1. Every residue in region 16-25 that is of a type in the set (Gly, Ala, Ser) and surrounded by 12 or more Cβ atoms within 10 Å (Cβ to Cβ), please.
2. Say we look at region 152-206 and pick out the residues that are of a type in the set (Asp, Glu) and without any contact (Cβ under 8 Å) to a residue 12 or more places away in the chain; which of these is farthest from ALA140 (Cα to Cα)?
3. Which of the residues spanning region 23-59 are farther than 21 Å from ASP78 by Cβ and modelled with pLDDT under 95?
4. With respect to ALA83, determine if the residue is within 15 Å of ARG14 (Cβ to Cβ) and in contact (Cβ under 8 Å) with a residue 60 or more places away in the chain.
5. With the condition kept exactly as written, say whether any residue in region 124-135 is polar (S, T, N, Q), in a helix (DSSP H, G or I), in contact (Cβ under 8 Å) with a residue 60 or more places away in the chain and not assigned by TED's automatic domain parsing to the domain that holds ALA46.
6. Of the residues ALA106, ALA140, which is assigned to a helix (DSSP H, G or I), of a type in the set (A, V, I, L, M, F, W, C) and under 33 Å from the mean Cα position of the chain (by Cα)?
Amino acid sequence: MNATALAGSDLDERIVEAFREGAKSSDVATLIKEVEAAAVASGDVAEQSRKRALDPALAAADVAVARRGMEDATFRRDRLDTAVKRLGDRLTELRDHEEDQRRRAAYDKAKAERDALAEELGRVYPPLVSQLKELLGRIAENDRQIEFVNQRLPSGSGALVVAELVARGLPRFLENWVEVPSIVKSVRLPTFERTPQEPYAWPRGR
């Protein structure tokens with residue numbers, strides 16, 4: 001078997017491999033270019049053989065050889081042209097499959113993260129809301145007491161600031177003429193389980 005035949009045999013095997021399980025679109029895309037080039041080369045050989053077979057000065061035996069060469073090359077070209085079309089379909093199929101795999105991987109990753117976050121939220125949020133609701137409720141009640149006391153200060157005593165300002169190291173809820181949002185007044189804590197009559201755990205009555 002000559003070098004051309006060996007090259008053709010290798011190309012044929014790779015074409016067959018392209019239609020088997022595990023083929024990759026990148027390999028098929030490269031293969032299509034090679035098959036297209038081989039089809040063009042076979043077409044050139046067929047034309048050269050045809051011209052040789054038509055030579056009236058050629059001996060009958062040589063004409064038969066040239067004609068067989070023309071027919072073989074023409075068949076080879078037609079077969080490769082068909083392979084190019086089939087490989088194009090295969091390339092589309094593989095790219096669609098690979099894209100679906102990428103989407104599946106992204107889907108599975110997002111779903112796994114969602115499930116983990118849902119579990120964590122269900123485990124962390126209810127007790128945290130309960131704790132914050134209780135704490136914010138006590139702070140709000142103390143704020144009302146301080147407001148009452150500040151209106152009736154004992155002699156020699158300065159006005160009290162509320163617990164949130166003390167905790168945050170602020171003198172007031174205004175800094176450089178810009179309002180500082182109050183945690184107690186700004187926080188909204190939806191109830192974990194849907195309750196139309198009481199959608200918020202905090203603030204109360206909302």
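The values are calculated or read from the model by the stated rules, or taken from the named source; none is laboratory data. This one's a predicted model, so the numbers in the text were calculated from it and none came from an experiment. A quick note on method: Cβ atoms are made from the backbone with ideal geometry, for glycine too, and the neighbour counts reach across all protein chains shown.
1. ALA18, ALA23, SER25
2. Restricting to residues being of a type in the set (Asp, Glu) and without any contact (Cβ under 8 Å) to a residue 12 or more places away in the chain, the top hit is GLU193.
3. ASP55, PRO56, ALA57, LEU58, ALA59 - these are the residues of region 23-59 that are farther than 21 Å from ASP78 by Cβ and modelled with pLDDT under 95.
4. The answer is yes for ALA83.
5. yes
6. ALA106
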